[in-house]
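Beneath this line is the structure, given in structure tokens, with notes to follow.
The values are calculated or read from the model by the stated rules, or taken from the named source; none is laboratory data. Small disclaimer: the values here were computed from a predicted structure and weren't measured. Using ideal geometry, Cβ is built from the backbone for each residue, glycine included, and neighbour counts are taken over all protein chains shown. The protein model used for the area step is the full one, side chains on, heavy atoms only, and it has no ligands, DNA or RNA in it. Shrake-Rupley method; radii C 1.70, N 1.55, O 1.52, S 1.80 Å.
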Amino acid sequence: MKTRTLRKDKVNIITLGCSKNMVDSEVLSGQLLANDIDVVHENKRTDHNIVVVNTCGFIEKAKEESINTILEQVELKSRGRLDKVYVTGCLSHRYRDDLEKEIPGVDAWFGTMELPLILKQFEADYKTELIGERLLATPQHYAYLKISEGCNRTCAFCAIPLMRGGHISKPIEEIIKEAEGLVKRGVKEIMLISQELTYYGLDIYKKRMLADLLKYLSDVKGLEWIRLHYAYPSKFPLEVLDVMKERENICNYLDMPLQHAANNMLKAMKRQITREEMEELIVSVREKVPGICLRTTLIAGFPGETEDDVEELKMFLQKQRFDRVGIFTYSHEEGTSAYDLKDDVPADEKERRAREIMEVQQEISYELNQEKIGKTFKTIIDKKEAGRYLGRTEFDSVEVDNEVVIHSSKKLPIGEFVNVKVTKAYDYDLEGEVV
Ligand code: SF4
């Protein structure tokens, strides 16, 4: 398809939202490239003439960011700087009909499962032989590996099943082939992701297969770190922890969103678990994998949440002492079952509660980091910035956790492991030297 602005099409993919969306963009990039179409991710230059915006439609803030990004690109097109603007991803999937009317400057809108249709716009074919191959948007030493799509859970606040559909596990062979391909290209660390990691296998193998999958992945030569994200607490497959303990290259790290700790809130959120059951699970997790790093995610301001519920959540954090906590303020999403409830916590009150909860966590994070001073950790070097090297230990996932600041007069190999002795510790970061 020849354009009036350039000799050859060049596509810039802009990804918003979560790591699962990132993987979709990487798959799209790989397909375009395989069809001899020039493609770049988050182009810093302006030498592209076509843009694909891969949107997020999860919560209000994310939707706003997606719409603003689309409008920016449509504006560029109206000024002749772009020939085509395409939009895909969760926001497009969820609101396509309205958006088509509201933003006519977009050339075409696609849902979350319409990759072949996007490729058609470029007269390109969907190459099934490429399954598992993608153009990484991450630094070459780590990558996200999506093991399933969609979710069968019914959490009251969550719109994801509306945009991603029901749970579909990828066959183990495909995941292993993908992991082997990533390692061949220099990847040493993979983040296992999905909407609901622990549900893996229940659809295609009729039983939970995450532990089995981990064994096969752990056998992939050259894979040094495997990290688990988005585990669901209810009916958590404890055998996963046995494999984590047994296998050196599975990080002692578990990201398990819990969302709240007050039973009336957990019930209203339809989390299918009680506080007591969550506490029992956390005890088992720490017994089976001593020293494991536990990350969780919480929601502040869900309909009906009282001050007492917030206090209970704070006490839960003080008792459980998670290593990492992320927090969202509740977003009233049409199409979710919580939408029938009154969104009775004012926005600024939601923010205040989230702030207070994170202040509790900040203290805990500081204290836990202090305990790391003097200890030596295997650390991957991610980048050099402002004359310092930045890395992570097995207890730190990319973009969401601690960074290790390493001062070194010697050149350190980006993407490689070094041993770092921690000399200083802050609320959310560590400092150290190579030993
Ligand atoms: S587990 Fe719950 S919060 Fe997570 S994607 Fe599924 S429905 Fe949403």
Apply the Debye scattering formula to segment 2-120, with a single equal point scatterer on each alpha-carbon and no solvent, then give log10 I(q)/I(0) at q = 0.21, 0.23 Å⁻¹. -1.24, -1.48
Based on the Cβ-Cβ distance of residue 319 and residue 125, what FRET efficiency does E = 1/(1 + (r/R0)^6) give at R0 = 56 Å, to the nearest 0.05? 0.50
Could you give the length gained by full extension between residue 274 and residue 308, i.e. 0.36 nm per residue of separation minus their alpha carbon distance, to one decimal place? 10.6 nm
Expressed in angstrom and rounded, the centroid-to-centroid distance over alpha carbons for segment 218-288 and segment 417-435 is 26 Å
Counting only the backbone N, which residues of segment 309-347 are under 15 Å from the spot 7 Å out from the Cα of residue 264 toward its beta-carbon? 309-313, 342, 344-345
Skip the ligands, DNA and RNA, and give the accessible area per residue of segment 312-435 with a 1.4 Å probe, whole Å². 50 Å²
Take every DSSP beta bridge whose two residues both sit in the chain, then give the antiparallel share in percent to the nearest 5. 35 percent
Residue 13's amide H: which non-local residues (gap 5+, or another chain) put their own amide H closer than 5 Å, with H modeled 1.01 Å from N in plane and none for Pro or chain starts? 40, 41, 42, 43, 52
Accessible-area composition of segment 255-308, carbon plus sulfur, in percent [1.4 Å probe]: 53 percent
Suppose all protein chains stay in the model; what accessible area per residue would a 1.4 Å probe give for segment 203-310, in Å²? 39 Å²
Using 17 Å as the cut-off for backbone N distance, which residues of segment 109-127 belong to the label zone defined by a point 7 Å from the Cα of residue 8 along Cα→Cβ? 122-125
With θ taken as phi - 60° and the coefficients 6.51, -1.76 and 1.60, list the Karplus ³J(HN,Hα) couplings across segment 182-191 in order, rounded to whole Hz; mark glycine and proline as x. 5, 5, 4, 9, x, 6, 10, 10, 10, 9
Farthest towards the positive end of the dipole of segment 2-120, among 34, 23, 93 and with Cβ unit charges of +1 on Lys and Arg and -1 on Asp and Glu, lies the Cα of 34
Using a Cα-Cα cut-off of under 12 Å, which aspartates and glutamates could be cross-linked to residue 288, ignoring same-chain neighbours fewer than 8 residues away? 239, 242, 246
FRET efficiency estimate (nearest 0.05) - Cβ-Cβ, residue 412 to residue 286, R0 45 angstrom: 0.85
Determine the calculated [θ] at 222 nm for the chain from helices alone, applying -39500 (n - 2.57) to every DSSP H run no shorter than 4 residues and normalising by the residue count; nearest 500 deg cm²/dmol. -10500 deg cm²/dmol
For the chain, with +1 on Lys and Arg beta carbons and -1 on Asp and Glu, the positive-most of 231, 420, 193 along the dipole: 420
Carbon plus sulfur, as percent of the 1.4 Å-probe accessible area of segment 1-98, comes to 51 percent
Pull out a ≥ b ≥ c, the square roots of the eigenvalues of the alpha-carbon gyration tensor of segment 209-255, then state rounded if a/c is under 1.5, prolate if not and a/b is larger than b/c, and oblate in the remaining case. prolate
Each label sits 7 Å from Cα toward the beta-carbon; between residue 248 and residue 115 the label points are separated, in nm, by 3.4 nm
What does the net charge come to around residue 400 if you take all other residues with beta carbon closer than 10 Å to its beta carbon, with K and R at +1 and D and E at -1? -2
Considering only DSSP beta bridges where both residues belong to segment 142-368, give the percentage that are antiparallel (nearest 5). 10 percent
HN-Hα J couplings of segment 26-36 from phi, Karplus 6.51/-1.76/1.60, θ = phi - 60°, integer Hz, Gly and Pro as x? 5, 5, 4, 4, x, 5, 4, 4, 5, 9, 6
Within 15 Å, Cβ to Cβ, of residue 160, how many net charges do the neighbouring residues add up to if Lys/Arg are +1 and Asp/Glu are -1? +2
Solvent-accessible area per residue for segment 2-120 at a 1.4 Å probe radius, Å²? 46 Å²
When Rg is the radius of gyration of the Cα atoms in the chain and Rh is its Kirkwood radius, what does Rg/Rh come to? 0.96
Does segment 48-203 come out rounded, prolate or oblate by the C-alpha gyration tensor, with a ≥ b ≥ c the root eigenvalues, rounded set by a/c under 1.5 and, if not, prolate when a/b is larger than b/c and oblate if not? oblate
Could you give the distance between the Cα centres of segment 85-136 and segment 355-370, to the whole Å? 41 Å
Where the only charges are on Cβ atoms (+1 Lys, Arg; -1 Asp, Glu), what is the dipole of segment 376-434 about its Cα centre, to the nearest 20 debye? 400 debye
At 1.002 mPa s and 20 °C, plugging the Kirkwood radius over alpha-carbon pairs of segment 142-368 into Stokes-Einstein gives what diffusion coefficient in µm²/s? 116 µm²/s
With 10 Å bins from zero, work out the P(r) of segment 392-431 over every alpha carbon pair and list the percent per bin. 26, 59, 15
So if I place +1 on the C-beta of Lys and Arg and -1 on the C-beta of Asp and Glu, and nothing else carries charge, what would the dipole magnitude of the chain be about its Cα centre? I want it in debye, nearest 20. 1400 debye
